[in-house]
Amino acid sequence: MDVMAKTSTTTQGLRTAIERSGYYPALVAEAVEAAVGGEPIRSYLVHQETTFDANEVRRHVTVLVLTGNRFIVSHTDEQAADTTSPTPYATTSTESVKLDRISSVVVSRVVANPEQYQPGTLPREVVVTIGWGAVSRLDLEPAACGDPNCEADHGYTGSSTADDLSLRVSEAGDGPETVRQALAFAQSLSEATADTTR
């Protein structure tokens with residue numbers, strides 16, 4: 001398959017996945033396509049999440065796209081009518097990140113019955129965490145020395161973690177195909193970021 005045909009197939013696959021999510025597909029597709037521009041799409045992931053906020057059900061869709069040079073993340077949320085709008089509304093945002101800015105791609109897999117694990121078995125749950133320096137989490141705790149009787153103030157110790165995006169998919173909630181797509185996207189992104197360091 002030539003590159004042009006593959007790109008066309010990948011672009012159509014992304015559109016189909018957005019439409020399948022059923023979550024304002026015209027709005028989501030337009031925002032994502034505008035962010036991607038004319039770049040060929042190497043990989044993508046569409047994830048819809050439903051949350052419960054007090055007495056309301058809210059939906060959220062995240063679209064991740066990998067091109068040859070960029071990682072694009074799009075979020076779309078629906079909002080109930082409020083003081084700023086008499087009717088319900090949706091907000092959609094896109095962020096474009098150069099691949100050389102991505103500092104970490106973490107894939108956490110949850111596997112049932114690990115003693116019986118066979119290579120290639122689909123995890124029960126996957127969490128993909130991607131960091132590029134826009135958001136960091138700082139975890140602090142009081143520092144201590146090795147003396148259990150010491151009462152001196154040793155200040156604080158801690159760690160800073162890049163935590164710009166964390167996406168959780170599960171076989172039970174999202175289906176096995178979404179788990180496969182999350183793993184494939186994470187692998188493609190990891191490989192792409194490794195390419196930028198050569």
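The values are calculated or read from the model by the stated rules, or taken from the named source; none is laboratory data. Treat the numbers as computed from the prediction; the structure is a model and nothing was measured. A quick note on method: Cβ atoms are made from the backbone with ideal geometry, for glycine too, and the neighbour counts reach across all protein chains shown. Areas reflect the complete protein model, heavy atoms only, side chains present, ligands, DNA and RNA absent. Shrake-Rupley method; radii C 1.70, N 1.55, O 1.52, S 1.80 Å.
Which residues, counting only those in region 162-185, are closer than 16 Å to Phe71 by Cα and open to solvent by 60 Å² or more (accessible area, probe 1.4 Å)?
The answer is Ser166, and nothing else.
Quick check: is even one residue across region 151-165 modelled with pLDDT of 75 or more and touching a strand residue (DSSP E or B) at 6+ places or on another chain (Cβ under 6 Å)?
The answer is yes; a qualifying residue exists.
Just the residues that are without any contact (Cβ under 8 Å) to a residue 60 or more places away in the chain and either within 18 Å of Asp164 (Cβ to Cβ) or touching a Leu at 6+ places or on another chain (Cβ under 7 Å) (or both), please, taken from region 77-92.
Asp77
Please tell me if Arg58 is open to solvent by 50 Å² or more (accessible area, probe 1.4 Å) and at pLDDT 90 or above.
Answer is no for this residue.
Scan (1) open to solvent by less than 80 Å² (accessible area, probe 1.4 Å); (2) touching a residue at least 12 places away in the same chain (Cβ under 8 Å) for the single condition Cys145 breaks and write down its number.
For Cys145, the exception is condition (2).
Across region 63-108, what is the total count of residues that are part of a loop (DSSP other than H, G, I, E, B) and over 18 Å from Ser190 (Cα atoms)?
Residues that pass the stated criteria total 7.
Looking only at residues that are in a loop (DSSP other than H, G, I, E, B) and either touching a residue at least 40 places away in the same chain (Cβ under 8 Å) or of a type outside the set (Gly, Ala, Ser) (or both) in region 109-122, which one is nearest to Leu183 (Cα to Cα)?
Leu122
Only one of these conditions is not met by Glu39: (1) part of a helix (DSSP H, G or I); (2) farther than 23 Å from Ser170 by Cβ; (3) in contact (Cβ under 8 Å) with a residue 12 or more places away in the chain. Which number is it?
The failed condition is (1).
What about Ser74, is it open to solvent by less than 50 Å² (accessible area, probe 1.4 Å), free of Cβ contacts under 8 Å to residues at least 24 places away in the same chain and hydroxyl-bearing (Ser, Thr, Tyr)?
Spelling it out, it is not the case that Ser74 is open to solvent by less than 50 Å² (accessible area, probe 1.4 Å), free of Cβ contacts under 8 Å to residues at least 24 places away in the same chain and hydroxyl-bearing (Ser, Thr, Tyr).
I'd like the full set of residues that are out of contact with any helix residue (DSSP H, G or I) (no Cβ under 9 Å at 6 or more places or on another chain) and open to solvent by 50 Å² or more (accessible area, probe 1.4 Å), limited to region 80-100.
Correct list: Ala81, Asp82, Thr83, Thr84, Pro86, Thr87, Pro88, Tyr89, Thr91.
Using the structure shown, decide if Tyr24 is touching a residue at least 24 places away in the same chain (Cβ under 8 Å), closer than 24 Å to Thr129 by Cβ and of a type in the set (Phe, Trp, Tyr).
no
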